[in-house]
1. Report the FRET efficiency, 1/(1 + (r/R0)^6), for Ile106 and Leu59, where r is their Cβ-Cβ distance and R0 is 25 Å, rounded to 0.05.
2. Go through [x] 9.7; [y] 12.3; [z] 11.6 and flag the label whose value is the computed mean projected area of the Cα convex hull in nm² for this structure.
3. Tell me which cysteines of the chain come out unpaired when the rule is another cysteine's Cβ under 4.7 Å.
4. What is the antiparallel percent of DSSP beta bridges lying wholly in the chain, to the nearest 5?
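Throughout, read-outs are computed from the coordinates displayed, never taken from laboratory work. Note that the coordinates shown come from a computational prediction; the quantities given were computed from them, not determined experimentally. Every residue, glycine as well, gets a Cβ built from its backbone with ideal geometry; the counts of neighbours run over all protein chains shown.
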Amino acid sequence: MEELAVGFIRGAHGTAGEVKLGSYSGELAHFTALTEVRLRCPGASEDSIRRLEIEHVRLTHREALVKFRGVDSRDAAQDLRRCEVWVPRLQAAQCGEDEYYIADLIGCELRSRGGDEEVLARVVSVWETGIGDILEVETPEGKIFNVPFREPFIGAVDTAQRQIELETPWVLA
């Protein structure tokens, strides 16, 4: 089952083991339906991914306050700080029009407008910045470029076909 990162733990809240959970999508309501999550923490190996059961969720205007079973103190909650929260795709917030999960953009081919079959580059990562997302792409020759993920640089995005229309091929020169 495919999983997506939906948020991260900002730190402890109170003294009883609650954590402040920030949402990558900005949506919070879907957290109330979760019963279990997987945590991936910085520097941890795949073997140390933790499955945690959720006891309760309370929403604020900017984050979710979550109590995990077995996390019963402020210190235990603070130890989870900076861990990412992963859930099955079906439990993640639904994307709106022109919204995409980063996982769906990674690996997409950039092609020029008009259906040219030549692959100009492939998305290798996405940087989230304050002024908009940036696609880090690699050309078939191995050169790396950064392409703003917005008009007028990007046209149609088809994550099902794994293709992104590049309106301005000159950004790869």
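1. Rounded to the nearest 0.05, the efficiency is 0.25.
2. [z]
3. Cys95, Cys108
4. 90 percent
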